[in-house]
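A.B. asks: The structure under discussion is supplied below as structure tokens; questions concerning it will follow.
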């Protein structure tokens, strides 16, 4: 397997990117092409020991930044590290693309350069999130601000295939994020999507209220990208705030500092359970090639785990399995709400 990596994407590029690539090469024995400013990448690679034949560099002169318009950046910066990384997948020189850079540009590039799986109307961003009782998937998490009921149905289908294979969970439970648990709750989109999911052969458990999301009792949570992105950012902000509050309280007095030392193993386990670096990145599902979006602030460990996610995606043939399900006609549900 060959993975193309955007070497200039993310808050800590190229340092964290290169270190994560080296860790992945040494642990997974995968072949990687890093796109970016060659001199800077070579300088970082010189710090490490690795099989040099496993890493190749494609030199580029441009960088797409998060504050640029995604579509315009992809159209006008064809010598950027992100564009070249995506193009390698399009040209079959790589099996997957991975970036910690602009989410919008990665999604725009994947759609414009690689294209969608035939039968999928809209791809979706699907991170794996830490929950109290286990990890869960949030789909869509920002790729589609406006969606139709059929789109949410396809998100559930793709999420089911991904979750079954990557997290080895048979017949995962699927819920619809809504403002109430009752079937009649929600707007026109969620009401129509509810009926499609209810009539499917999925393990649909109904509506899930936001307050129940952190429990992780439902494997796959389906929503449009506006709701999903809001939930994701609120979730990340809440976890970060809790850690900071605990830290501030522990440092207030000698007594609390001693208590903090005694509880350090507990806090360490808690932090690990809710550490995004354990999951690596979010898969952009529905594209004809493997696309993984790593967190913008990814350190080397997070990037290495994002590479592992791409490898699992490839080994478990997720794209082929989605195509097979579509051929079976699982999404051919006739409804006026489509």
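The values are calculated or read from the model by the stated rules, or taken from the named source; none is laboratory data. Please read these numbers as outputs of a predicted model, since none were measured by experiment. Here the Cβ is made from the backbone with ideal geometry for all residues, glycine too, and neighbour counts use every protein chain on show.
A.B. asks: Give all pairs with beta carbons closer than 9 Å in which a residue from region 19-41 that is on the phi > 0 side of the Ramachandran plot meets a residue that is part of a loop (DSSP other than H, G, I, E, B) and surrounded by fewer than 22 Cβ atoms within 10 Å (Cβ to Cβ); count only pairs at least 6 apart in sequence or on separate chains.
C.D. replies: Filtered contacts from region 19-41: 29/51; 36/63.
A.B. asks: While we're looking at this one, here's another question. Quick check on region 223-236. Is at least one of its residues in contact with a helix residue (DSSP H, G or I) (Cβ under 9 Å, 6 or more places away or on another chain), assigned by TED's automatic domain parsing to the domain that holds residue 150, farther than 26 Å from residue 161 by Cβ and modelled with pLDDT of 80 or more?
C.D. replies: Taking every residue of region 223-236 in turn, at least one turns out to be in contact with a helix residue (DSSP H, G or I) (Cβ under 9 Å, 6 or more places away or on another chain), assigned by TED's automatic domain parsing to the domain that holds residue 150, farther than 26 Å from residue 161 by Cβ and modelled with pLDDT of 80 or more.
A.B. asks: Filter region 1-15 down to residues that are surrounded by fewer than 24 Cβ atoms within 10 Å (Cβ to Cβ), closer than 13 Å to residue 98 by Cβ and modelled with pLDDT under 95, then give me how many there are.
C.D. replies: Looking only at that region, the number is 1.
A.B. asks: If you don't mind, there's one more thing I want to ask. Report yes if some residue within region 76-87 is under 22 Å from residue 232 (Cβ atoms) and in contact with a helix residue (DSSP H, G or I) (Cβ under 9 Å, 6 or more places away or on another chain); otherwise report no. Walk me through how you get there before you give the answer.
C.D. replies: Kept after step one, since they are under 22 Å from residue 232 (Cβ atoms), are these residues of region 76-87: 82.
Among the residues that remain, those that are also in contact with a helix residue (DSSP H, G or I) (Cβ under 9 Å, 6 or more places away or on another chain) are: 82.
Looking through region 76-87, at least one residue is under 22 Å from residue 232 (Cβ atoms) and in contact with a helix residue (DSSP H, G or I) (Cβ under 9 Å, 6 or more places away or on another chain).
A.B. asks: Another one. I'm trying to understand the selection: among the residues of region 108-136, which are closer than 20 Å to residue 302 by Cα and assigned by TED's automatic domain parsing to the domain that holds residue 294? Full working, then the answer.
C.D. replies: Kept after step one, since they are closer than 20 Å to residue 302 by Cα, are these residues of region 108-136: 125-131, 134-136.
Result: no residue meets the conditions.
A.B. asks: For residue 83, which of the numbered conditions (1) buried (at least 23 other Cβ atoms within 10 Å of the Cβ); (2) farther than 12 Å from residue 7 by Cα fails to hold?
C.D. replies: Condition (2) is where residue 83 drops out.
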